[in-house]
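Worksheet for the structure shown next.
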Amino acid sequence: MLPFSEYKVVEIGSRIGSGFCGKLLCGFGAEVILVEDTVDNYLRHLGPFPDVVDPEKSGLFGYLHAGKKSLHVNRRNVHELDELVCSADILIFGTASVYSQKETELFDRLSKSHNLLISIHISPYGMTGPYSKYAGTELTSNALSGITQRMGKPGRPPLTMPLAQAGFQAGYAGASGAACALIQRDTANHGDIVEVSEAEAMATVHAGYAVTRFQRAGILDKRAGHRLSNLPYPQTVLPCSDGYVELNTPEGSQWKRLLQMMGSPEWSKEERYRSRMKNSRSPMAEELDNKFKEWLKDYTKEDFYKLCREFEVPSGPVRTVDEIVKDDQLLSRDFFTSIRFHDGERYLVPGSGCSLSKTPAKRDLLVPRKGSVSEQINSAERNLLKSGSLAKEVASVRSSAGPLQGLRVLDMGWVWA
Amino acid sequence: MGAEVIKVESKKRIDYMRLGRPLIGTDPDVEQNPWFHAVNRNKKSIAVNLKSTAGLEILKKLVGKCDAVIENFKPGFLAKIGMDYNSLSTINPSLVMLSMSGVGQTGPLSDIPAYAPFLSGLSGLDSLVGYPGEDILGIQQPYADTNAGVTGAFGLITALLHRKRSGEGQHVDLAETEAAVSVLGEAFLHYSMTNTVMEPQGNFRYGYVPCGHYPTKGKDAWIAIAVESEQQWASLCRVLGKPDLAVSSSFQNKEMRNQNRGILDQALSELTSLRETDKLFHALQAEGISAMPLLGPDDVMRDPHFVQRGTFIDIDHPVLGKEVIFGPMWRQTTSSMENWAHAPLLGQHTFDVMTDLLAMTKTEVDELILSEALI
């Protein structure tokens, strides 16, 4: 049995956040039914595609939805949706970029289907607040979170996070919230609404530290191109003979070992390079970058990495995807898996972000064709989870205790983790 | 989310995040790092010396009273002191243990020293950040760390759910690189489907054009704009006072705008730079266009949306006074989440935890402090 085995999930929406949330629950055992309307799921058109554009071969759709069942439902047929959600333990609801009144009403109705239902609402800005009805995308969620202002070169447009990080983080939040609500449901005997704002997920966990640092310490992290500002030099990406390396020595002893690794160059003994904080700012940082660049010209990424391991310096290569798929460490841990399409083609994908020793995530999952299980799910199979139970506002059981109250955790972790 | 989290620390081995320049006075002080306060809000702190045999025995007893353990020591270290999952699960068979490391508990490189920037390079995150066609810049955020925290929390809670249903404990092995790679799925599919390596996309996102960050009036002020439809494109040009731009031959449809992205961005930048960020933001949103000011850490705390949602919370810290901490990553309607506590002082709860959980007397605790087991 896997952690979410025997739980039925209905997923509505075509956001990356809701798709990833469903993927996580599905990977750990849930039966996830993806509702697809007459209009194609937006992600089916995003690709990448192996050759021509084909909604049945979208890579991103496949990554997010492999292992799920696709059910064709006309969203205007409210009774069909009602019936489906009545049989579910969890509803995942990802709203489109424009938060329309119809969507609000649909979620409001479905989330009240029965009193044990756990409804996960994922949207760019959340269900409340002045921007809740505003249009949103990955780009704007990151912008609001505060994370974007710190990426890119000074004087140039800031850079957003790569790919769809706000969506992925929202997916983790939704799936974790679902697990918390299920733990609570066992004893409290009520469902819940888990509300996730993509922007807030990024603002709290991923950009929150910058806010707290600024508020109390007055430290304003600004974008510094290939370097991280306000920390001792070096935290920087520099070119080498066949690509780039990440140079990073947070501790003084590691900096000393890095210099030893370079053969203790004469310049490193000069008084002016003594303060690593001063070294991290202009013009010292550029000066030092140039010295390292000159030295790195003679090293490949892998040569550099080998030296770093020998000298116990926590620096290494900036790997590209083609290199990562051949990485010995990842291969030895059997990290990668595949997704299968209906034509039998398999494509390599990253495995689960964490490995559970007794309940590992499912692998090599099949990407559903649109509406592929519509015929198999009929009314008879849609047994009502709590037949006759009265839907009630989950807000009415609000308490100050969190869903994990009663659990005790011994945290021996250090620093961030 | 309501769990009682007891942080194990020691004056003999200060958490790196407690260090830093003092904000009050000039002497080093382990209670003055706002970073530490943000990450450790709501926890308890006990001071236990892991180099002491008595200290280790205390921890083992505590493990018997806990549902879960989190650790991020170098792989192999806990086995040496009898505190690894195999040892602890004999004390508490239903224990869930989350081990967080750079590249995992197993494999040929499991013992390498690892920090977030290095792991961002190793996982491919860095390779995807930069302006198209220019040098790689790298992510330059501790994102690999925070992403590992989020992924680890999901793994831990999922394992706790399994335990609740089956009674079975287990070990969760979180490799920071794997957690980072797993949020780059699209790049890996791009490679496995097309045999080409994805390069930095800058601010371009498929399906949206224009899509980017554009300057507005003021110092380093920017607005994010993402246009999805022809109707939105026409509205954008109208709001910017240049309706003709929408039908100009270079930009008249999505394909043309994609082909001419460089000059499109330039033309838009000239127009947006004349506008005040907030006014433009609301004007574009009124037309249904995804737009948002780029907030800095100073703006985020004041932003009306976050203020109304209570995203950041004011709290009193006994040493630093009023400070802000960040709220939950997600909300649950049945929980009001009102009870926020400041990050603990080092060892603040040692006495309470020893007496309440391990039924020690005051004399026993004092003796253990004197012998440097509880320090």
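Based on what the data block shows, is A:Pro158 more than 7 Å from chain B (Cβ to nearest Cβ) and either open to solvent by less than 10 Å² (accessible area, probe 1.4 Å) or more than 25 Å from B:Gly207 (Cα to Cα) (or both)?
It is false that A:Pro158 is more than 7 Å from chain B (Cβ to nearest Cβ) and either open to solvent by less than 10 Å² (accessible area, probe 1.4 Å) or more than 25 Å from B:Gly207 (Cα to Cα) (or both).
Of all residues in the range A:139-152, how many are open to solvent by 10 Å² or more (accessible area, probe 1.4 Å) and at pLDDT 95 or above?
0
What is the one condition in (1) in a loop (DSSP other than H, G, I, E, B); (2) within 17 Å of B:Gln332 (Cα to Cα) that A:Ala170 does not satisfy?
Of everything listed in (1) in a loop (DSSP other than H, G, I, E, B); (2) within 17 Å of B:Gln332 (Cα to Cα), A:Ala170 misses just condition (1).
Could you check, for the range B:319-328, whether at least one of its residues is more than 22 Å from A:Arg213 (Cβ to Cβ), free of Cβ contacts under 8 Å to residues at least 60 places away in the same chain and open to solvent by 70 Å² or more (accessible area, probe 1.4 Å)?
Scanning the range B:319-328, I find no residue that is more than 22 Å from A:Arg213 (Cβ to Cβ), free of Cβ contacts under 8 Å to residues at least 60 places away in the same chain and open to solvent by 70 Å² or more (accessible area, probe 1.4 Å), so the answer is no.
Yes or no: the range A:179-187 includes at least one residue that is over 15 Å from the mean Cα position of the chain (by Cα), within 7 Å of chain B (Cβ to nearest Cβ), in a strand (DSSP E or B) and under 24 Å from B:Val183 (Cα atoms).
No, because not a single residue in the range A:179-187 is over 15 Å from the mean Cα position of the chain (by Cα), within 7 Å of chain B (Cβ to nearest Cβ), in a strand (DSSP E or B) and under 24 Å from B:Val183 (Cα atoms).
Got a number for residues in the range A:161-187 being closer than 17 Å to A:Ala224 by Cβ and touching a Ser or Thr at 6+ places or on another chain (Cβ under 6 Å)?
0
Only one of A:His72, A:His65 is farther than 23 Å from B:Ala159 by Cβ, at pLDDT 95 or above and either buried (at least 19 other Cβ atoms within 10 Å of the Cβ) or in the same structural domain as A:Ala164 (by TED's automatic domain parsing) (or both). Can you tell me which?
A:His65
Name the pairs whose Cβ atoms lie under 6 Å apart, with the first residue in the range A:399-417 and modelled with pLDDT under 70, the second assigned to a loop (DSSP other than H, G, I, E, B) and buried (at least 17 other Cβ atoms within 10 Å of the Cβ), and 6 or more positions between them or separate chains?
Once the first residue is modelled with pLDDT under 70 and sits in the range A:399-417, its partners that are assigned to a loop (DSSP other than H, G, I, E, B) and buried (at least 17 other Cβ atoms within 10 Å of the Cβ) give A:Ala417/B:Asn72.
Across the range B:116-135, which residue is farthest from the other protein chains (Cβ to nearest Cβ) among those that are touching a Gly at 6+ places or on another chain (Cβ under 8 Å) and surrounded by fewer than 24 Cβ atoms within 10 Å (Cβ to Cβ)?
Going through the qualifying residues, I end up with B:Pro132.
Looking at (1) without any contact (Cβ under 8 Å) to a residue 40 or more places away in the chain; (2) within 26 Å of B:Gly130 (Cβ to Cβ); (3) in a helix (DSSP H, G or I), can you tell me which one A:Leu288 breaks?
(1)
Pick out the one residue from A:Asp54, A:Asp82, A:Asp37 that is closer than 19 Å to A:Ile16 by Cβ, surrounded by fewer than 18 Cβ atoms within 10 Å (Cβ to Cβ) and more than 8 Å from chain B (Cβ to nearest Cβ).
A:Asp37
Are any of the residues in the range A:377-391 modelled with pLDDT under 95, at negative phi and touching a strand residue (DSSP E or B) at 6+ places or on another chain (Cβ under 7 Å)?
The answer is yes; a qualifying residue exists.
Going through the range B:337-356 one residue at a time, which ones are part of a helix (DSSP H, G or I), of a type outside the set (Asp, Glu) and open to solvent by 30 Å² or more (accessible area, probe 1.4 Å)?
B:Phe351, B:Thr355
Let me spell it out: the conditions are (1) more than 14 Å from chain B (Cβ to nearest Cβ); (2) over 20 Å from A:Gly174 (Cα atoms); (3) at pLDDT below 90, and A:Tyr42 meets all of them except one. Which number is the exception?
(1)
Go through the range B:339-364 and report how many residues are free of Cβ contacts under 8 Å to residues at least 40 places away in the same chain, under 24 Å from B:Asn42 (Cβ atoms) and aliphatic (A, V, I, L, M).
The number of residues fulfilling the criteria is 0.
If a residue has to be assigned to a loop (DSSP other than H, G, I, E, B) and without any contact (Cβ under 8 Å) to a residue 40 or more places away in the chain to count, how many in the range A:135-158 make the cut?
The total comes to 4.
Hey, can you tell me all the residues within the range A:352-369 that are in a loop (DSSP other than H, G, I, E, B), out of contact with any helix residue (DSSP H, G or I) (no Cβ under 7 Å at 6 or more places or on another chain) and more than 7 Å from chain B (Cβ to nearest Cβ)?
Answer for the range A:352-369, where residues must be in a loop (DSSP other than H, G, I, E, B), out of contact with any helix residue (DSSP H, G or I) (no Cβ under 7 Å at 6 or more places or on another chain) and more than 7 Å from chain B (Cβ to nearest Cβ): A:Pro360, A:Arg363, A:Asp364, A:Arg369.
Restricting to the range A:330-350, and then to whatever is outside any strand (DSSP E or B) and crowded, with 21+ Cβ neighbours inside 10 Å, can you tell me which residue is farthest from the chain's Cα centre (by Cα)?
Ranking the candidates gives A:Arg333 first.
For A:Tyr233, are the conditions met, namely being part of a helix (DSSP H, G or I), open to solvent by less than 30 Å² (accessible area, probe 1.4 Å) and of a type outside the set (Asp, Glu)?
Here the answer is no, as A:Tyr233 does not meet what is asked.
Check B:Thr177 against each of (1) at pLDDT 95 or above; (2) closer than 20 Å to A:His45 by Cα and name the one condition it does not meet.
Just one mismatch for B:Thr177, condition (2).
Would you list the helices (runs of 4 or more DSSP H) that sit entirely within the range B:138-195 and hold 1 or more residues that are open to solvent by 20 Å² or more (accessible area, probe 1.4 Å) and among the hydrophobic types (A, V, I, L, M, F, W, C)?
B:143-166
Does A:Ile16 satisfy the criteria of being aliphatic (A, V, I, L, M), under 17 Å from the mean Cα position of the chain (by Cα) and farther than 22 Å from A:Ile183 by Cα?
yes
The values are calculated or read from the model by the stated rules, or taken from the named source; none is laboratory data. Quick caveat: nothing in here was measured; it's all calculated off a predicted structure. Please note: Cβ atoms are built from the backbone with ideal geometry, for glycine as well, and neighbour counts cover all protein chains shown. Just so you know, the surface numbers come from the protein's heavy atoms only, side chains and all, with ligands and any DNA or RNA stripped out. Shrake-Rupley method; radii C 1.70, N 1.55, O 1.52, S 1.80 Å.
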